[in-house]
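Just so it is clear, none of the values below were taken in a lab; they were calculated from the coordinates. What you see is a predicted model; the values in this text were computed from it and never measured. Backbone-built Cβ (ideal geometry, glycine too); neighbour counts: all protein chains shown.
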Amino acid sequence: MNLQQYFPVLLFIVVAVLIGGALIAAGRFLSPNDPDSEKLSAYECGFESFDDSRMKFDVRYYLVAILFIMFDLEIAFLFPWAIANGALGMVGFWAVAIFLTVLTVGFIYEWRRGALDWE
């Protein structure tokens, strides 16, 4: 087995780790570090940070995250269709029309149930 053919891969890994480490170190040492009360306050999570990982919090955070992922993935399925739209013809058009109808019905259902309302 000739190990010399793997040298470029090893070199690539070493260079990538060195560049990554250098950029992380540069960011650590060159960036300003002056946290104030505004920076340390609750941001997007909506509650103060805590020490106990077993603390209960509102299930709406999970619901919003799941809804975001669901709709984001459904929209991501439209990109391949948009690329191959001309080659698919009417069958592809109606398949995506049904897909978008199901997506719209699901969105209206979530909206009516109040899943998108934040109190």
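Quickly work out the E74-to-Q4 label distance, labels modelled 7 Å from Cα along the C-beta direction, and quote it in nm with one decimal.
5.8 nm
Which Rg and Dmax, in Å, describe the Cα atoms of region 56-119?
When restricted to the Cα atoms of region 56-119, Rg and Dmax are 15.2, 51 Å.
Where the centroid of each part is defined by its Cα atoms, how far is region 1-38 from region 90-107 in Å?
Measuring centre to centre over Cα atoms gives 45 Å.
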